1. Given (1) modelled with pLDDT under 90; (2) part of a helix (DSSP H, G or I); (3) of a type in the set (Val, Ile, Thr), where does residue 103 come up short, assuming only one miss?
2. Out of the residues in segment 179-222 that are β-branched (Val, Ile, Thr) and outside any helix (DSSP H, G or I), state the one that is nearest to the chain's Cα centre (by Cα).
3. Any chance you could count how many residues in segment 230-240 are part of a helix (DSSP H, G or I) and crowded, with 18+ Cβ neighbours inside 10 Å?
4. Among the residues of segment 241-255, write down those that are over 17 Å from residue 185 (Cβ atoms) and either aliphatic (A, V, I, L, M) or crowded, with 18+ Cβ neighbours inside 10 Å (or both).
5. Take segment 138-169 and flag every residue that is of a type in the set (A, V, I, L, M) and either modelled with pLDDT of 90 or more or not in a loop (DSSP other than H, G, I, E, B) (or both).
6. Return yes or no: is residue 221 among the acidic types (Asp, Glu) and touching a helix residue (DSSP H, G or I) at 6+ places or on another chain (Cβ under 7 Å)?
7. Which condition does residue 244 not pass, out of (1) closer than 17 Å to residue 257 by Cβ; (2) modelled with pLDDT of 95 or more; (3) not hydrophobic (A, V, I, L, M, F, W, C), if it passes all the others?
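The values are calculated or read from the model by the stated rules, or taken from the named source; none is laboratory data. These figures come from a predicted structure and were not determined experimentally. Ideal geometry is used to build each Cβ from the backbone, glycine not excepted, and the neighbour counts take in all protein chains shown.
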Amino acid sequence: MKQYRKIIALLMAATTSVVMSSEFESQAADPALDMAQVKILGEYKLTQPYGFNDAPEEALLNLKKATAQAEEQYQEMKRKEKEARERKAAEEARKAQEEAERIAAQQAAAEQAAAEQAAAQQAAAEQAAVQQAAEQQTAVQQTAAYSASASDQTLLAAIIFCEAGNQPYEGQVAVGAVIMNRVRSAVYPNSIAEVIYQPGQFGPAMTGWLDSILASGGYTDTAMQAAADALAGSNPIGDCLYFGCGNFGIQIGDHFFH
C-alpha cells in the first residue's frame, strides 16, 4: 500500500513539475518568496510557490483528473483487500464449523455404538440369566423326588428289570431316570404308567413281557432299589429322554443315553 501511495505522489510531482516549468518566472529566485504547502495524499506533500497561478488550465485539470483516478484506484484496492480478508475469515469460519460438526458426528456415532454395545451385552446377560434359571429349574425337576404309589414303584422296577436287568446298577437307575424325565417333560404323558405303556416306546410293554414280570414278581431287589432311587431323584444321565444300543450319548454299560 505504501508503494502504491508513492506512485501517486510521484505522478503528481511529475505533473506539477511540467506545469511549473512551462510558466516559470523570476519570482522563483526571490529569497523572500513564501512557499505554500499542498497536501496530496497522506504523508507525501508538494510545495508550490505563490505566483504560479498562471499555469495552463488543461495541465491543472489533467493533474486533478490523475489525482482523482489514483485515489479511486487506491480506494478500490483497499476495498478488494477488505473483501479478500472477509472471504478468508468466512472460509476459515466455515472450515471450523465443518470440523466441529465432523467431531460432533464422530462423538455421536461413538456414543451410539457404545449404547448399542451396552444394550447387546445387557440383552445377552438377561438371556443367559433366563437360560440359567431354566436349566436350574430343569435340574430341580429332574432331581426332585416323585411322589409315587407302591404300584408305580413296582411297575418302574419291572420295566427296569426288563430293559436293564443285566446291566450295572447305575445303568438300571439310568433307565428309571429316563422314564422319570419323560414324566416331567411336557412332550410325554405325566404319569409313570402312561409313559411306560405309551404305544411304540418300550418293547417289553408292547410284547407282554412286562405284564408277565409284574404278575410273577420276577423283578429283582436290585431293580426295586433302582426304581426307588430314580423316584427319589437320582439321575446319572441329566435330561436324556432316550436310551438304546446305539453309539452316541452317555454310555453306561451296554446302553447309550441321549
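1. (1)
2. Residue satisfying both the conditions and the ranking: 187.
3. Of the residues in segment 230-240, 2 are part of a helix (DSSP H, G or I) and crowded, with 18+ Cβ neighbours inside 10 Å.
4. The answer is 250, 252, 255.
5. Across segment 138-169, the qualifying residues are 139, 140, 150, 155, 156, 157, 158, 159, 160, 164.
6. no
7. Result: residue 244 fails condition (2) only.
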